[in-house]
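*Asks:* Take a look at this one; I'll ask things after.
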């Protein structure tokens with residue numbers, strides 16, 4: 001049972017880092033940023049490329065902690081830059097366009113990036129050497145349960161990231177400006193907030209979290225491929241909707257609930273249907289409480 | 001009043017399309033080409049429905065492949081397991097698709113925002129997973145074989161030429177219905193909704209009901225297309241009904257332009273012919289090219305000033321046809 005709790009917490013962590021980006025962008029622009037999944041996937045690949053530099057003949061040539069730190073750093077920078085570029089190219093020109101336009105643009109960006117990465121990686125699965133980076137002997141034993149190093153590293157890094165994000169949103173001026181823009185963009189601009197700057201910042205922060213999430217996902221699943229952004233993205237997206245899309249704490253809560261449901265479901269009900277659980281939650285929440293658990297009520301019609 | 005000349009002026013496009021489409025079997029002898037043309041007709045049906053949804057109702061479905069799957073699997077299962085008449089099975093599947101669309105559409109179309117997009121995305125994935133996992137019913141990835149072809153009296157529609165005529169006739173009827181719909185009361189009220197939901201509603205247009213109607217119609221078109229394909233190919237497997245197909249359908253609508261239902265025709269032509277060409281150059285580049293095309297169309301089209309304005313204008317001329325009266 002403790003093992004299941006650890007599993008749920010790990011999966012929830014990975015999803016939460018991913019889901020935050022969806023929720024943040026929806027909160028400020030009310031668009032579904034499908035390209036976020038691809039940003040996440042590219043973050044995971046940064047982990048693959050960094051570790052490849054330090055692995056010779058199946059041996060590490062540097063301190064594993066250092067390698068993970070470096071992967072995180074590279075992923076955060078690359079994902080951040082990528083997301084800001086995507087916003088500039090695909091969403092900013094459509095700020096005044098009909099509501100449908102940015103949605104299609106997001107879909108197009110997602111298809112484009114996924115297939116570019118597909119061509120680069122020859123559509124093959126790539127391994128992440130979690131065994132080398134976080135060896136078995138680092139596992140912690142609590143009574144009957146064994147907690148692998150990858151598990152507590154993922155949970156720990158996620159916790160630190162979430163606390164940092166919470167502090168950023170609550171304590172800094174930029175965080176306050178982001179919240180203001182999410183509430184009312186026009187009013188925020190009257191208060192002298194550079195709305196475009198804040199939108200870029202939102203994409204940046206969301207992508208940095210996704211970058212961290214990508215590295216953690218690689219460590220968790222030990223293999224990555226070009227389509228992981230979509231398959232895991234659907235779960236992250238479900239988590240964001242479940243918590244109330246646009247609400248950051250909701251996204252984290254939704255992620256852990258989803259992960260718990262999936263872990264328990266695959267353990268007690270059926271392993272093959274574990275993916276159905278996530279989508280069933282998505283449909284159910286959209287049919288009965290589309291504002292999610294913590295979201296503010298959605299205006300029904302005009 | 002309706003003089004012969006007036007009739008021709010209003011309908012020359014449709015008549016030309018009908019004549020060309022139905023005359024194809026006389027001109028084309030190649031079996032592969034004929035099957036692509038027949039496949040184009042069913043794709044056309046799905047794209048017409050989706051084009052109505054995007055262009056007329058301003059909503060997007062990211063799980064339309066699932067409705068095609070309902071048509072295909074519904075027909076196949078009813079015929080192979082319950083020995084139902086194929087034509088009846090087709091209708092039953094279509095009714096089922098409409099019902100499912102209703103269940104998804106009623107709550108989500110009442111809300112402002114992209115809730116239909118979210119719900120259809122999830123729905124599409126659930127259907128796909130079920131097709132793969134419900135092995136007892138769908139035989140999983142092995143697919144269903146031995147689906148009997150359509151027949152009518154002594155007419156056997158497994159014959160390519162005959163099937164071509166049948167499926168294009170149906171596609172033309174669907175197209176005519178869609179054209180009429182966009183010019184009817186429903187079409188006009190949807191047009192009003194796009195301009196201003198508030199103004200239209202104050203004039204008595206029931207916004208969510210109109211959108212729901214279009215969504216259900218598009219589900220029926222998709223289901224019919226799925227049934228026709230299943231009976232002709234006589235084999236179906238889940239691979240054809242994943243998210244990739246849903247996205248390609250949206251691509252078709254956007255590439256063709258969704259201001260007018262005619263865009264569905266250009267979009268279908270483009271997304272059926274383009275992959276055949278691209279495949280010969282690079283096997284994996286098909287989706288890449290679609291992605292680039294989509295970005296170009298969506299991002300460039302609205303640009304009215306700056307260095308890109310001229311390019312944007314040219315693209316606009318290429319892709320956005322004026323509505324034909």
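Where a number appears in this text, it was derived from the coordinates with a stated rule and is not lab data. The model shown is predicted, which means the values in this text are computed figures rather than measured ones. Heads up, the Cβs are rebuilt from the backbone with ideal geometry, glycines too, and the neighbour counts pull from every protein chain shown.
*Asks:* Measuring from label point to label point, each 7 Å out along Cα→Cβ, what is the residue A:194 to residue A:172 span in nm?
*Replies:* 1.5 nm
*Asks:* Starting from the Cα of residue B:161, step 7 Å along the direction of its Cβ; do the same at residue B:95; then give the gap between the two resulting points in nm.
*Replies:* Rounded to a tenth, the inter-label distance reads 3.7 nm.
*Asks:* Mean separation of Cα pairs under 8 Å and 6+ residues apart, divided by the residue count of the stretch A:2-288: what relative contact order is that in percent? Write out the running numbers ahead of the final one.
*Replies:* Working: 448 pairs, mean separation 110.5, N = 287.
RCO, the stretch A:2-288: 39 percent.
*Asks:* Based solely on its DSSP helices, what 222 nm [θ] is calculated for chain A when runs of n ≥ 4 H residues each add -39,500 (n - 2.57) and the sum is averaged over all residues, nearest 500 deg cm²/dmol?
*Replies:* Values: 12 runs with 211 residues, N = 302.
About -23500 deg cm²/dmol.
*Asks:* Along the Cα→Cβ direction, 7 angstrom out, place labels at residue A:145 and residue B:209. What is the inter-label distance in nm?
*Replies:* With each label placed 7 Å out from Cα toward Cβ, I get 5.5 nm.
*Asks:* Going by a ≥ b ≥ c, the root eigenvalues of the Cα gyration tensor, does chain B fall in the rounded group (a/c under 1.5), the prolate group (a/b larger than b/c) or the oblate group?
*Replies:* Rounded is the answer for chain B, as its axis ratio a/c remains below 1.5.
*Asks:* Expressed as a whole number of Å, what is the distance separating the alpha-carbon centroids of the stretch A:35-87 and the stretch A:165-183?
*Replies:* A separation of 27 Å, based on Cα centres.
*Asks:* Would you work out the relative contact order for chain B, in percent, from Cα pairs under 8 angstrom that are 6 or more residues apart? Numbers along the way, then the final one.
*Replies:* Numbers: 462 pairs, mean separation 95.1, N = 325.
Relative contact order of chain B: 29 percent.
*Asks:* Sticking with this structure for a sec: How far, in nm, would the chain grow between residue B:180 and residue B:198 when pulled straight, counting 0.36 nm per residue and subtracting the alpha carbon separation?
*Replies:* In short, 4.0 nm is gained.
*Asks:* Would you please give the FRET efficiency between residue B:10 and residue B:292, computed as 1/(1 + (r/R0)^6) with r the Cβ-Cβ distance and R0 = 51 Å, to the nearest 0.05?
*Replies:* On the way: r = 37 Å, r/R0 = 0.72.
After rounding, the FRET efficiency stands at 0.90.
*Asks:* Which order do A:189, A:129 fall in if you start with the one that has the fewest other Cβ atoms within 10 Å?
*Replies:* Details: A:189 15, A:129 19.
So the ranking, lowest neighbour count to highest, is A:189, A:129.
*Asks:* Gain in length, residue B:281 to residue B:141, computed as 0.36 nm per residue apart minus the alpha-carbon separation, to one decimal in nm?
*Replies:* Details: separation 140, 0.36 × 140 = 50.40 nm, distance 2.91 nm.
Extra length available between residue B:281 and residue B:141 comes to 47.5 nm.
*Asks:* Using a ≥ b ≥ c from the Cα gyration tensor of the stretch B:12-163 (square roots of the eigenvalues), is it rounded, prolate or oblate, where a/c under 1.5 gives rounded and otherwise the larger of a/b and b/c decides, a/b for prolate? Don't skip to the answer; put the middle values down first.
*Replies:* Details: a/c = 2.18, a/b = 1.25, b/c = 1.75.
It is oblate, given that a/c is not under 1.5 and a/b is not larger than b/c.
*Asks:* Still on this structure, please answer the following. I'd like the distance between the alpha-carbon centres of the stretch B:64-129 and the stretch A:255-282, rounded to an integer number of Å.
*Replies:* Going from one Cα centre to the other spans 23 Å.
*Asks:* Please check: in the Gaussian network model of chain B (C-alpha springs, under 10 Å), which one of B:148, B:86, B:107 has the largest mean-square fluctuation.
*Replies:* Fluctuation is largest for B:107.
*Asks:* With chain A treated as a Gaussian network of Cα nodes joined by springs under 10 Å, which of A:149, A:251, A:35 yields the largest mean-square fluctuation?
*Replies:* A:149
*Asks:* Given a Förster radius of 35 Å and the C-beta distance between residue A:2 and residue A:81 as r, what FRET efficiency does 1/(1 + (r/R0)^6) yield to the nearest 0.05? Spell out each step's value before the answer.
*Replies:* Working: r = 40 Å, r/R0 = 1.15.
Rounded to the nearest 0.05, the efficiency is 0.30.
*Asks:* To continue, here is another question. Compute the relative contact order of the stretch B:190-286 as a whole-number percentage, counting only Cα pairs closer than 8 Å that sit 6 or more residues apart in sequence. Display every interim value, and only then the final one.
*Replies:* On the way: 49 pairs, mean separation 11.3, N = 97.
It rounds to 12 percent for the stretch B:190-286.
*Asks:* Here is a follow-up. If we count other beta carbons within 10 Å of each Cβ, what is the order of B:231, B:64, A:141, B:164, fewest first?
*Replies:* Numbers: B:231 26, B:64 30, A:141 8, B:164 23.
The order, fewest Cβ neighbours first, is A:141, B:164, B:231, B:64.
*Asks:* So the label point goes 7 Å from the Cα of residue B:239 along Cα→C-beta, right? Which residues of the stretch B:129-168 then have their backbone N under 12 Å from it?
*Replies:* B:141-143, by backbone N distance to the label point.
*Asks:* What residue among B:13, B:257, B:102 has the largest mean-square fluctuation in a Gaussian network model of chain B, using Cα springs under 10 Å?
*Replies:* Comparing B:13, B:257, B:102 in a Gaussian network model of chain B, the most mobile one is B:13.
*Asks:* Arranged by the count of other C-beta atoms within 10 angstrom, fewest first, what order do A:277, A:55 take?
*Replies:* Numbers: A:277 20, A:55 15.
If I rank by nearby Cβ atoms, fewest first, I get A:55, A:277.
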